[in-house]
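Heads up, the thing below is written out as C-alpha cells.
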Amino acid sequence: MQDFEKLGVFYLGKTYNMEQKKMEEDMVLYKSKDLTTHAAIIGMTGSGKTGLGIGLLEEAAIDHIPVIAIDPKGDLGNMALTFPQLRPEDFKPWVSPHEAANKGKSVEEYAVDQAVLWKKGLAEWGQDGKRIQKLKDAADVTLYTPGGSAGVGVSVLKSFNAPSVQVMEDTDAYRDRVHATATSLLALVGMEVDPLTSREHILISNILEHAWREGRDLELADLIMHIQSPPMDKVGVMDLEIFYPSKDRFALAMRLNGLLASPNFKAWMEGESLDVNSFLYTQEGKPRISIFSIAHLSESERMFFVTMLLNEVLAWVRTQPGTGSLRAILYMDELYGYLPPTANPPSKTPLMTLLKQARAYGLGLVLATQNPVDLDYKAMSNTGTWFIGRLQTERDKDRVIAGLEGASAGGKFDKRKTEQILAGLGQRLFYLHSVHEDEPTIFQTRWVLSYLAGPMTRDQIAALPQKTREVQATATAPGQAPLQAQTATQAPISTPEPQAPEIVEKPVAAPPVFPPQIRQVYLPLARRVAGELVYVPGVLGVADVQYSSAKYNLAASKRFHFISPLHDGPVPLDWNESQPIETDLRELRDAPEEGVGFAEYPSAAANAKNYDKWKRLFTQYLRAEKPLTLLSSPSLKVVSEVDEDERDFRIRLQHLAHEERDQAVETLRKKYASRLKTLEDRHRRAQQAVEKQNAQSKQKKLDAAVSTGSAILGALFGSRKVTATSVSKVGTAMRSANRAMQSGTSIVQAQETLQAVEAQLAEMEAELQREADKVADTYNVLEEQLEEVVIRPTATNMTVHLLALAWTPYARNEDGTLLPL
C-alpha cells in the first residue's frame, strides 16, 4: 500500500458512493503540490473535521513536509501519541478514566480495548504499526504552550525583532508588520483601538519603525522606555508634547509595564525564540511538526500570539525562493474570529496576505472551522481545495455554496448537485472540491495513525516527551545566513583574545617610530573601561581568495582577516597562531587613541623587508589551511553554497528533491497518457468489428466498453484514484467484453485485440511500478550520506589588500596581564 507514497500524494481515505450508501475501494490520493493553493476544512462538531486534519498532517510528515499548526482547541497535541507497537501499556497513560468508568471497565481494561480498536481500525484501511513507525521517524513533534509552562515555552514578549531585509524592502509588507505588531500589543493590554486615530497606536508604530529602520530589535523594556522618552520630537507635523503629552504617555507606559511586572506574563518571556525556520526543522535538518496549543489563553492573548506568529511566518515566506512544490504547511484548527467577513482583527491582514502570496513560495495554508458563517469568503476565494463535511444549518450550507462558487472562478460548478450532496453527508464523509480537478469527490476519511485521546490536559501535555531545539551560540536572526568568523560582511571589529595571559611591562606613552614603508593601523576600541589601556602589536593580513571549479560549476570569493602575534626569536611570526577577526577596513584607524600606551615590540617588527616575507607566508597559509570545503549530494548532484551549513543544505536538498520528484511524476503521467490513448484507439476499433450484433449483444458490448474505459482511467489517471484492485477491475471488464463479443460472429480479431489490450495494461502497470520505485530511490535524500568537496585556491587567485603592523587595544591589570576588550 505504501507504493503511492513514492508519488507525492496524501492518502486521505476512500471514495464513497452516495447512491448506494457504501464505501468503495478506490483510495483518495491528494497531490501534495495541489496544497500550494491552500485548503479549507469545514464541518460541524462531530463531522470528523479534526480527524481529517490530523490525517492530512500525518501524510505531510511522512512526505517530509514540515508543519506549523495553531491549535486553539487542544486536539492537535494527539499527533504526539503514536504507538508503533500498539501495546495496551502505550495507550494506558492517555485513555480517559471517565470513559473507562462509563463503560464499566478499569483503565487497564479500557487501554486493552483501545489498543485492539486502533489495530483493527488501521488494518481495515491497509495500515499497521510499520506505517506509524514511518510517521514517527519522518518528523519530530513538539507541543508549544506560549504564555504557559505545561509544554515548551515561546519567548514572544522579550523581543520585537526587526523584519528581514525582504520585508523592509516591500513597503506594503513592512507597513502591515508595523500595524499588526502595534495593534496586537495594544489588544493584549485590553485596548481595542483605531489605527488612524489612536495616539497609542500611532506612537508605538513610530517607535517600532524608528528602531527597525536602524536595524535594531526592541525588547518590551526598551519599548516602555521609548514611550516615556520617544526618539522623535514630532509626530507628523505636530509637536510630540501637543500630540501626546508626557503625562498621558506615562499612563500607557505603566500599562505595558504591568505586563513586564506581572507573574502571569513571566512565561511570555521564557522559552524558544519566535524563529519560523527552527519551528520547521531540527538542527540536523529533519522536518518538524510544531504545534502551538493556545487553548489555555484568553481571547486577547490568543489574538496577540497568533498575529505575532503569522507575521513571522510571512517574513519567513518572503525569504524563500519561488517554487511550484509544497515546501511547508501552516495549519489552523479553528479559524473563527481570525478571518471574519466584516471586522478587522490584527490577524486578518497577515492571513489575507499569506493566502494571496504564500503559494508562490511553496507554503500551503490549511484553515479549518466549524463556523462557516464567520469566514471572509473574498479571502477564501484564494483557496483551491475545499473539504466540506456535515454542516449544521441551512445558513451554513448557503455560505459554503457561495464560497465554493467563488473558488471555482468560472470553472465547472453544479450548484444544485452540490447542495444535494452536502445535505446527505454523514460522519467522516467529506465533499472534496479542487480547482485542480474536473469533478468533485465524495470520500470517507481513513483511520488516523495517531491516537485520538481528545483535548489534552495540562498534566498530559507536561508528560509528553518534548523535542526542543537547541539554541546554538552561532544562532542568527530568522531568514539570515550564519555569519562565518572569517568572512567580511561589514561587521564591527572584534578584538581577538590572546592565546594565553601575557605579561606586559609598563607601556610607553609615545607611539613607536617605524620606517615609512611599514603600514601601521589601529583597531578601534570596542568599549571604554576603567584602568590602563595598552596597544599590543601584531600583523594583520586581509586577502580576497577566489575559488573556482569547472567540475562543480563553482566560482566563489571569500575575504579573510587574520591577525597574528609577534615574538622575539628566530621565528617572530607564525600564521598558524593567527586568529580570524570580523572587520570592516573602513573602521581601521591611522592614528592611536589618546591616553592609550604601547607595549614593547620585537625588533623584527621594525624591519620593512620582513613584511614582504610575511605577505608570502600569508598567501601560503591561506592556500594550505583555508580551502573551500563544501558538501555534495551524490543523488541530486548538487553542491552546497558558500557558508551554507549542513542543516541548511539538507533542508534545501529536501525541497529540491520534492521539486524534482513532482516533475518526475508529471513526466510519468505524460508518458503513460500517450500509451493509454493508443490503447483506447485500439479498443474502439475492436468495438466497431461487432457493430452488427443484435441489440442485446450490442448493449453488452456497450456496457463492457464503458467499464473498460473507466477501469483504465481509474488505474492510471483517476484524479485521485490509484487502487490495488484497479487492474483486476480492468481484467473483469475485458472478460465481460470477450463474452459480449463471443455472442456475435467473425469477431476473432476483435477478441485478440481486447486480450492484447488487457495484457498491455498489466505490463504498463508493472512498468509504472518499477519507475515509481526508481523515483522514490532517487529522491530520498533525508538520510543520504553527504560527500565533502575540497577546493583549494591557487596563488594567482589571491589578492592581498592589506598586510600591516596592527595595534590592538587591551586592558592591562595591575599585575601586567592583558584582558581583551
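The values are calculated or read from the model by the stated rules, or taken from the named source; none is laboratory data. Since the model is a prediction, treat every value here as computed from it, not as a measurement. Using ideal geometry, Cβ is built from the backbone for each residue, glycine included, and neighbour counts are taken over all protein chains shown. Note: areas computed on protein heavy atoms with side chains; ligands, DNA, RNA excluded. Shrake-Rupley method; radii C 1.70, N 1.55, O 1.52, S 1.80 Å.
Tabulated results
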read-out: Under 15 Å, Cβ to Cβ, from Glu99 - net charge with Lys/Arg +1 and Asp/Glu -1; value: 0
read-out: Cα-based Kirkwood hydrodynamic radius, segment 129-196, one decimal, Å; value: 15.6 Å
read-out: Spatial extent of segment 209-276: Rg and Dmax, with the Cα atoms as the point set, Å; value: 14.4, 42
read-out: Rounded accessible area per residue of segment 569-655, 1.4 Å, Å²; value: 52 Å²
read-out: Cα pair distances exceeding 24 angstrom across segment 33-147, given as percent; value: 36 percent
read-out: Carbon and sulfur %, accessible surface of segment 169-287 computed with the full protein complex present, 1.4 Å; value: 51 percent
read-out: Alpha carbon centroid spacing (whole Å) that separates segment 539-555 from segment 88-154; value: 54 Å
read-out: Karplus-derived 3J(HN,Hα), 6.51/-1.76/1.60, for each residue of segment 60-67, Hz, glycine and proline x; value: 4, 4, 4, 8, 6, 9, x, 9
read-out: Over segment 77-222, equivalent-ellipsoid semi-axes from the Cα gyration tensor in Å; value: 50, 20, 13
read-out: Two-site FRET efficiency, Asn257 against Met232, from Cβ-Cβ distance with R₀ of 22 Å, rounded to 0.05; value: 0.55
read-out: Trp125 accessible area, 1.4 Å probe, all protein chains in place, Å² to nearest 10; value: 10 Å²
read-out: Rg/Rh (Cα only; Kirkwood hydrodynamic radius) as it applies to segment 338-389; value: 0.94
read-out: Segment 590-633 versus segment 254-325: alpha-carbon centroid distance in Å; value: 45 Å
read-out: Residues of segment 777-818 with amide N under 15 Å of a point placed 7 Å along Cα→Cβ from Arg589; value: 806-811
read-out: Difference of contour (0.36 nm per residue) and Cα-Cα distance, Glu19 to Lys103; value: 26.7 nm
read-out: Size-normalised alpha-carbon gyration radius of segment 504-584, reference 2.2 N^0.38 Å; value: 1.51
read-out: Length released on extending from Val513 to Leu786, taking residue separation times 0.36 nm less the Cα-Cα span; value: 92.9 nm
read-out: Entries in Lys671/Lys774; Lys558/Lys626; Lys348/Lys415; Lys551/Lys637; Lys49/Lys397 that, when Cα-Cα distance is taken, lie over 18 Å; value: Lys348/Lys415
read-out: Amide H within-cut-off set for Arg519, under 5 Å, with H built and near neighbours excluded; value: Leu805
read-out: Positive minus negative residues near Lys609 (Lys, Arg vs Asp, Glu; Cβ under 12 Å); value: +2
read-out: Label-to-label distance, nm, for residues given as Asp248 and Glu625 (7 Å Cα→Cβ offset); value: 6.3 nm
read-out: Share of carbon and sulfur in the accessible heavy-atom surface of segment 507-630 [1.4 Å probe, %]; value: 47 percent
read-out: Relative frequency of Cα-Cα separations exceeding 23 Å in segment 521-665, percent; value: 55 percent
